[in-house]
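S.K.: Got a structure for you, questions after.
The values are calculated or read from the model by the stated rules, or taken from the named source; none is laboratory data. Bear in mind that the values here come from a model prediction, so they are computed numbers and not experimental data. Here the Cβ is made from the backbone with ideal geometry for all residues, glycine too, and neighbour counts use every protein chain on show. Keep in mind that these areas ignore ligands, DNA and RNA; they rest on the heavy atoms of the full protein, side chains included. Shrake-Rupley method; radii C 1.70, N 1.55, O 1.52, S 1.80 Å.
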Amino acid sequence: MIRKILKWIGIVLGSLIGLVVLTFLVLYLIGSARWSKLHGKYDVPVEAIAIATDQESIERGEHIATINMCQHCHLDNLGGQTAGAPAIVTLSVPNLTSGAGGVGDTNTDEDWVRAIRHGVGHDGRGLVLMPSRVFYYLSDDDLGALIAYLKSLPPVDNEQQGTDLGPIGRVMLALGQLPPEIIPNVTVIDHDAPRPITPEPGVTVEYGKYLATTCTLCHGSNLNGQTVREGPNVYVALNLTRGGEMVGWSEEDFVTTMRTGIRPDGHPLKDFMPWKYFGQMTDDELQAVWLYLQSLPALPQGK
């Protein structure tokens, strides 16, 4: 009797294990097919951008790179990095210099425009983690200056393996459980739309909106905050509208907070807030951003 029971238990367990393996295999194949499509090649139109070579333009480009947080992912020397867990995902943030393993050694001006504005690498594949949906709004002048700066970088040797999904990551993709940053931005940009109108630099609401586009990466499209997941960490990006944390702040409070990382109440900003980049905006730029934030309708904290 006991043997029959054990045999029955063995059959049930074996069937369950087989079912789990089969389910994993099916999801793996579905995820692999989706990954091949997402990480496949894209043919997008590329605008001709004038790339200056003078020192003033290069310095302007360095400023654009800083306030748009390029160093946050590509590191201070812009030599790139590799992160992740191979079973789930290997994330390769490219080396932007002309050193060994760097795209700066092979990128043409057209390749730079395609990567930054459209999220497509020099090999035609969609770039993962590259927030081109934000950089798409960079003006031709600012994009040209940024590229001029990137082309002037000293070489850094850092050869990397490419971005790829591991077996668990492919199953997660099939189940829709991967973070949206894994999906290349090339898939959400309207590449054929007319170029956005760029406002003239100045202390204006319009120019503040242009500068604050990067803020939407964490604070959401309405800038009223949202939950942000970065690896295993989960943060709440705060509400920047008049319905949020900055009620009662003055322009001076805002500028000082961006420069020092200390809020008017004396408490430091959370570690994940990249104020050190935004704090390098000029006074006019920060004042323009403040004007834009103050022009927004009061909204509740986003989810």
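S.K.: Restricted to the stretch 187-237, and to residues that are under 18 Å from residue 291 (Cα atoms) and among the aliphatic types (A, V, I, L, M), which residue is surrounded by the fewest Cβ atoms within 10 Å (Cβ to Cβ)?
M.R.: Restricting to residues being under 18 Å from residue 291 (Cα atoms) and among the aliphatic types (A, V, I, L, M), the top hit is 203.
S.K.: On to the next question. Which residues, taken from the stretch 49-87, are surrounded by fewer than 17 Cβ atoms within 10 Å (Cβ to Cβ), assigned to a loop (DSSP other than H, G, I, E, B) and of a type outside the set (Gly, Ala, Ser)?
M.R.: Matches in the stretch 49-87: 53, 54, 75, 76, 77, 86.
S.K.: Another question, if that's okay. When you check residue 242 against the structure, is it exposed (fewer than 12 other Cβ atoms within 10 Å of the Cβ), closer than 18 Å to residue 302 by Cβ and among the basic types (Lys, Arg), yes or no?
M.R.: Judged against the criteria, residue 242 is not a match.
S.K.: Continuing with the same structure: Hey, can you tell me all the residues within the stretch 118-164 that are acidic (Asp, Glu) and touching a strand residue (DSSP E or B) at 6+ places or on another chain (Cβ under 6 Å)?
M.R.: Listed by number, the list holds a single entry, 164.
S.K.: Just wondering, is there one or more residues in the stretch 158-166 that are hydroxyl-bearing (Ser, Thr, Tyr) and farther than 22 Å from residue 33 by Cβ?
M.R.: No: zero hits.
S.K.: Mind listing whichever residues of the stretch 116-145 are touching a His at 6+ places or on another chain (Cβ under 7 Å) and either among the hydrophobic types (A, V, I, L, M, F, W, C) or in contact (Cβ under 8 Å) with a residue 60 or more places away in the chain (or both)?
M.R.: Result: 118, 125, 126.
S.K.: Given the criteria of a type outside the set (Asp, Glu), surrounded by 12 or more Cβ atoms within 10 Å (Cβ to Cβ), in a helix (DSSP H, G or I) and without any contact (Cβ under 8 Å) to a residue 40 or more places away in the chain, does residue 13 qualify?
M.R.: In short, no.
S.K.: Looking at the stretch 238-248 only, could you name the residues that are in contact (Cβ under 8 Å) with a residue 60 or more places away in the chain and more than 18 Å from residue 262 (Cβ to Cβ)?
M.R.: Selection gives 239 alone.
S.K.: Pick from the stretch 264-303 the residues that are of a type outside the set (Ser, Thr, Tyr), open to solvent by 60 Å² or more (accessible area, probe 1.4 Å) and without any contact (Cβ under 8 Å) to a residue 12 or more places away in the chain: which of them is farthest from residue 59 (Cα to Cα)?
M.R.: The residue in question is 265.
S.K.: Same structure again: Mind checking which pairs have a first residue in the stretch 184-203 that is closer than 12 Å to residue 136 by Cβ and assigned to a loop (DSSP other than H, G, I, E, B) and a second that is open to solvent by 40 Å² or more (accessible area, probe 1.4 Å) and of a type in the set (Ser, Thr, Tyr), Cβ under 7 Å, 6 or more apart or different chains?
M.R.: Once the first residue is closer than 12 Å to residue 136 by Cβ and assigned to a loop (DSSP other than H, G, I, E, B) and sits in the stretch 184-203, its partners that are open to solvent by 40 Å² or more (accessible area, probe 1.4 Å) and of a type in the set (Ser, Thr, Tyr) give 196/137.
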